[in-house]
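All remarks here apply to the structure that follows.
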Amino acid sequence: MMAKKIYLTEIKQHLHNGMSIMFGGFMGVGTPPKIIQAIVNSGVKNLTIIGNDTAFSDTGVGLLIANNQVSKVIASHIGTNPETGKKMISGEIEVELIPQGTLAERIRAGGAGLGGFLTQTGLGTIVEEGKQKIKVNDTEYLLELPLTADLAIINAYKADTLGNLVYELSAQNFNPLIALAANKVIAEADHIVALGELSPDEVVTPAALIDYIVYPN
């Protein structure tokens, strides 16, 4: 299966108000900047965004928040972006905070088609509110449900023309997970190389998981 070529101006055709978007990255590192800008330019509203954090006010998904395009954030923290905190306090944005490991596992469960998983993380804290508790061999766990999204946007270091992806250093964070957990996947790569130029050993996300690769206009 080969990823289709897409230009930045065509991304808006895959967006709609109220959709959910997963993104990779820690504080913007590993989040696709050109795709984010295309979403900003589209004017789409009422987005639910799912990822580790909301970066900074002028970086990564922080641009979407600053532009009032987000209605809900699902993340492990928002501390690096004061704009997110302000909008949460004012009621403009709903924020669901999830422990980082639990967030990653919920996304992995969504991509693997699992019904959820059991964890002790969050027991006895606000994290357990509204969640089912299950005892296994006299040990209590929280049942955490899977997370999926309408769209995953991925940032890779290199991609070949088939859509196989290679990441660089810490930019590998969350991107391989979200490629499995969304109905549609659009990837942006710093470099696009010919088929055969990537070693099979360096490919992390195979082309079969990628629907579209962004090409320069």
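Screening T9, T31 for residues that are hydroxyl-bearing (S, T, Y), touching a strand residue (DSSP E or B) at 6+ places or on another chain (Cβ under 6 Å) and at pLDDT below 95 leaves exactly one candidate, T31.
Restricting to the stretch 95-115, count the residues that are part of a loop (DSSP other than H, G, I, E, B) and exposed (fewer than 15 other Cβ atoms within 10 Å of the Cβ). Spell out the reasoning first.
Here is the first cut: in the stretch 95-115, the ones part of a loop (DSSP other than H, G, I, E, B) are 98-99, 113-115.
Still in the list and also exposed (fewer than 15 other Cβ atoms within 10 Å of the Cβ): 113-115.
Final tally of qualifying residues: 3.
Cβ-Cβ under 8 Å, sequence separation 6+ or interchain: first residue in the stretch 159-174 and closer than 14 Å to G28 by Cα, partner small (G, A, S) and not in a loop (DSSP other than H, G, I, E, B). Which pairs? Once the first residue is closer than 14 Å to G28 by Cα and sits in the stretch 159-174, its partners that are small (G, A, S) and not in a loop (DSSP other than H, G, I, E, B) give A171/A156; F174/A104. Considering only residues of the stretch 20-44 that are part of a helix (DSSP H, G or I) and buried (at least 18 other Cβ atoms within 10 Å of the Cβ), which is farthest from the chain's Cα centre (by Cα)? For the stretch 20-44, the residue satisfying everything is A38.
From I186, I153, grab the single residue that is in a strand (DSSP E or B), in contact (Cβ under 8 Å) with a residue 24 or more places away in the chain, in contact with an Asp or Glu (Cβ under 7 Å, 6 or more places away or on another chain) and surrounded by 18 or more Cβ atoms within 10 Å (Cβ to Cβ). Answer to the selection: I186. With respect to L118, is the statement that it is at pLDDT 95 or above, farther than 21 Å from F26 by Cα and outside any helix (DSSP H, G or I) true? So L118 fits the description; yes.
The values are calculated or read from the model by the stated rules, or taken from the named source; none is laboratory data. Just so it is clear, the model here is predicted, and its values are computed rather than measured. Counting neighbours? That spans all protein chains shown, and the Cβs are built from the backbone with ideal geometry, glycine included.
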